[in-house]
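Structure record follows, encoded as structure tokens.
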Amino acid sequence: MIKAEDVYDVLRKIPEGKVTTYGDIAKALGHPKASRAVGRILHANPNPIIVPCHRVVMSDGKLGGYADGVEKKVRLLKKEGLDFKNNKVENFEKKKVVLKKN
């Protein structure tokens, strides 16, 4: 079972201007099939800027959801230097952080 604090610890390691995916977080925590659980934990994030859940996108680079609305997610990511095309992170593979398994 994935714990919220473990997910938040991983998120705090993602630098500004970079993103990761729900699935990559699940894999890094040793639960490769738990991407939906990661999404539920992020939706309940009590500190969305300190724990930068806006830096998590779908596996194909699409934005996915955000508890405060996708428009705010876009604003935060643009402020960090990311651009979008067709609702996807431009240069997704270059902007994606490779997470290491804990």
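Could you tell me whether Leu63 is under 14 Å from the mean Cα position of the chain (by Cα) and farther than 18 Å from Ile25 by Cα?
Working: under 14 Å from the mean Cα position of the chain (by Cα): yes; farther than 18 Å from Ile25 by Cα: no.
Here the answer is no, as Leu63 does not meet what is asked.
Got a sec? Which of Ile25, Ile49 is modelled with pLDDT of 90 or more and of a type outside the set (Ser, Thr, Tyr)? Steps first, answer last, please.
Numbers: Ile49 fails: modelled with pLDDT of 90 or more.
It is Ile25.
Take the residues of the stretch 49-60 that are without any contact (Cβ under 8 Å) to a residue 40 or more places away in the chain and closer than 14 Å to Lys73 by Cβ: which is farthest from the chain's Cα centre (by Cα)? Please lay out each step first, then the result.
Of the residues in the stretch 49-60, the ones without any contact (Cβ under 8 Å) to a residue 40 or more places away in the chain are 49-50, 54, 57-60.
Subset that is closer than 14 Å to Lys73 by Cβ: 49, 54, 57-58.
Details: Ile49: 12, His54: 6, Val57: 5, Met58: 8 Å.
Here the residue is Ile49.
Only one entry in Ala44, Ala28, Ala37 is touching a Leu at 6+ places or on another chain (Cβ under 7 Å) and not hydroxyl-bearing (Ser, Thr, Tyr), namely Ala28.
Being out of contact with any His (no Cβ under 6 Å at 6 or more places or on another chain), over 23 Å from Lys3 (Cβ atoms) and either surrounded by fewer than 14 Cβ atoms within 10 Å (Cβ to Cβ) or not hydroxyl-bearing (Ser, Thr, Tyr) (or both) is the requirement here; does Lys100 meet it?
Working: out of contact with any His (no Cβ under 6 Å at 6 or more places or on another chain): yes; over 23 Å from Lys3 (Cβ atoms): no; either surrounded by fewer than 14 Cβ atoms within 10 Å (Cβ to Cβ) or not hydroxyl-bearing (Ser, Thr, Tyr) (or both): yes.
Answer is no for this residue.
The residue that is nearest to Lys100 (Cα to Cα), among those in the stretch 52-75 that are surrounded by 21 or more Cβ atoms within 10 Å (Cβ to Cβ) and in contact with a Phe, Trp or Tyr (Cβ under 7 Å, 6 or more places away or on another chain), is Val56. Does Ala44 satisfy being among the small types (Gly, Ala, Ser) and crowded, with 16+ Cβ neighbours inside 10 Å? Criteria not met by Ala44. Residues that are more than 11 Å from the chain's Cα centre (by Cα) and more than 23 Å from Glu90 (Cα to Cα) within the stretch 1-25 comprise Met1, Ile2, Lys3, Ala4, Glu5, Asp6, Asp9, listed in sequence order.
The values are calculated or read from the model by the stated rules, or taken from the named source; none is laboratory data. The structure presented is a predicted model; accordingly, all values stated were derived computationally and were not measured. We place every Cβ from the backbone using ideal geometry, glycine too, and count neighbours over all the protein chains shown.
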